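Q: Handing you a structure now.
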């Protein structure tokens with residue numbers, strides 16, 4: 001069952017043997033209970049990784065050729081777990097030829113057409129190709145891109161704004177991205193883009209997976225969008241807190257139910273049985289039979 005804020009306030013007030021209300025603004029006590037529910041909701045959603053708060057999303061593109069590989073996490077989401085990018089081409093057959101590259105220490109490497117196109121979809125393939133982009137920690141990402149030769153015509157220099165000024169970074173413009181990293185908890189940068197397809201990386205070619213920004217609304221008819229097991233956890237946690245703070249007496253029954261609900265939500269968070277991230281991934285020391293690698297949850 002999903003509660004509105006008013007319904008949960010009314011049920012908690014009833015348990016406290018307090019005055020009935022038709023709106024959370026009717027009495028000071030109702031407003032206090034509503035605030036307690038909000039605080040408990042914020043605590044719970046911070047503490048528990050709710051599977052239903054994770055959704056697919058598109059990143060926001062910079063829209064500027066001055067920052068061709070820079071994108072941001074939309075304000076509707078707080079985090080991103082993985083990123084894919086559509087590496088489809090233009091329909092023009094690839095014409096990249098053999099070439100060579102000389103490292104800063106004078107070592108020359110020769111390569112053929114296949115190596116020149118390595119890591120990027122052929123420009124002649126126009127079907128949808130949402131390929132995984134590999135995440136690299138910032139330091140490893142910088143090691144990767146700063147090895148590019150800034151004098152190479154396929155290498156572009158762009159600036160990243162910081163509190164102390166602009167920091168120059170390098171990227172390639174002759175292939176779709178293979179790597180990404182995050183700079184300031186909101187800004188994502190990639191190692192390359194294909195200038196023959198788009199002038200910059202574009203939003204509608206991104207596919208990411210992340211956590212939705214939650215915001216509790218203190219209005220009568222706002223529905224608390226939690227599954228039943230989490231709603232029970234919130235209700236009993238808020239009721240126990242209301243008794244302790246407003247009545248100055250403990251409610252052992254509510255505290256016990258809150259603990260039981262919390263334990264259950266830590267074990268069973270998801271609706272689908274297997275494979276979905278943000279699922280319980282506690283170690284299983286029991287005997288296994290057959291295929292047991294279905295637990296792929298990556299969220300803690």
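Q: Just the residues that are farther than 24 Å from residue 125 by Cβ and either touching a strand residue (DSSP E or B) at 6+ places or on another chain (Cβ under 8 Å) or modelled with pLDDT of 95 or more (or both), please, taken from segment 164-178.
A: 166, 167, 168, 169, 170
Q: Is segment 193-216 home to any residue that is in contact with a helix residue (DSSP H, G or I) (Cβ under 8 Å, 6 or more places away or on another chain) and more than 30 Å from residue 36 (Cβ to Cβ)? If you could, list the steps in order and put the result at the bottom.
A: To start, the set of residues in segment 193-216 that are in contact with a helix residue (DSSP H, G or I) (Cβ under 8 Å, 6 or more places away or on another chain) comprises 198, 211-212, 214, 216.
After this cut, where a residue has to be more than 30 Å from residue 36 (Cβ to Cβ) as well, the list is 198.
For segment 193-216, residues in contact with a helix residue (DSSP H, G or I) (Cβ under 8 Å, 6 or more places away or on another chain) and more than 30 Å from residue 36 (Cβ to Cβ): present.
For every residue, the table says whether it meets (1) free of Cβ contacts under 8 Å to residues at least 12 places away in the same chain; (2) surrounded by 15 or more Cβ atoms within 10 Å (Cβ to Cβ).
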{"residue": "156", "(1), (2)": "no, yes"}
{"residue": "161", "(1), (2)": "yes, no"}
{"residue": "178", "(1), (2)": "no, yes"}
{"residue": "188", "(1), (2)": "no, yes"}
{"residue": "204", "(1), (2)": "no, no"}
{"residue": "212", "(1), (2)": "no, yes"}
{"residue": "243", "(1), (2)": "no, yes"}
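Q: Continuing with this model, one more query. Any chance segment 60-70 includes a residue that's crowded, with 19+ Cβ neighbours inside 10 Å, within 15 Å of the chain's Cα centre (by Cα) and outside the structural domain of residue 236 (by TED's automatic domain parsing)?
A: no
Q: Okay, next question. So if I check each of 201, 183, which one is modelled with pLDDT of 95 or more, farther than 24 Å from residue 109 by Cβ and assigned by TED's automatic domain parsing to the domain that holds residue 89? Break it down into steps so the answer makes sense when it comes.
A: Details: 183 fails: modelled with pLDDT of 95 or more.
It is 201.
Q: Filter segment 70-108 for residues that are touching a helix residue (DSSP H, G or I) at 6+ places or on another chain (Cβ under 9 Å) and at pLDDT below 80 and give the result.
A: Within segment 70-108, 94, 95, 96, 97, 98, 99 meet the criteria.
Q: So, one more: Are there any strands (runs of 3 or more DSSP E) wholly within segment 148-202 with 3 or more residues that are closer than 22 Å to residue 57 by Cβ, and if so which? Break it down stepwise before answering.
A: Numbers: elements: 155-162, 165-172, 179-182, 187-190.
Output list reads 179-182, 187-190.
Q: From the list 90, 46, 27, exactly one residue is touching a residue at least 60 places away in the same chain (Cβ under 8 Å) and surrounded by fewer than 18 Cβ atoms within 10 Å (Cβ to Cβ). Which is it? Talk me through it step by step, then tell me what you get.
A: Details: 46 fails: touching a residue at least 60 places away in the same chain (Cβ under 8 Å); 27 fails: touching a residue at least 60 places away in the same chain (Cβ under 8 Å).
Being touching a residue at least 60 places away in the same chain (Cβ under 8 Å) and surrounded by fewer than 18 Cβ atoms within 10 Å (Cβ to Cβ) holds for just one of 90, 46, 27, which is 90.
Every residue, every condition in (1) in a loop (DSSP other than H, G, I, E, B); (2) under 27 Å from residue 211 (Cα atoms); (3) touching a helix residue (DSSP H, G or I) at 6+ places or on another chain (Cβ under 8 Å), yes or no:
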| position | (1), (2), (3) |
| --- | --- |
| 10 | no, no, no |
| 14 | no, no, no |
| 18 | yes, no, yes |
| 25 | yes, no, yes |
| 34 | no, yes, yes |
| 46 | no, yes, no |
| 63 | yes, yes, no |
| 68 | yes, yes, no |
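Here is a yes/no grid of residues against (1) closer than 25 Å to residue 55 by Cβ; (2) touching a strand residue (DSSP E or B) at 6+ places or on another chain (Cβ under 8 Å); (3) assigned by TED's automatic domain parsing to the domain that holds residue 101:
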position	(1), (2), (3)
136	yes, yes, yes
139	no, no, yes
145	no, yes, yes
148	no, yes, yes
162	no, no, yes
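The values are calculated or read from the model by the stated rules, or taken from the named source; none is laboratory data. Keep in mind it's a predicted model, so treat the numbers as computed, not measured. Ideal geometry is used to build each Cβ from the backbone, glycine not excepted, and the neighbour counts take in all protein chains shown.
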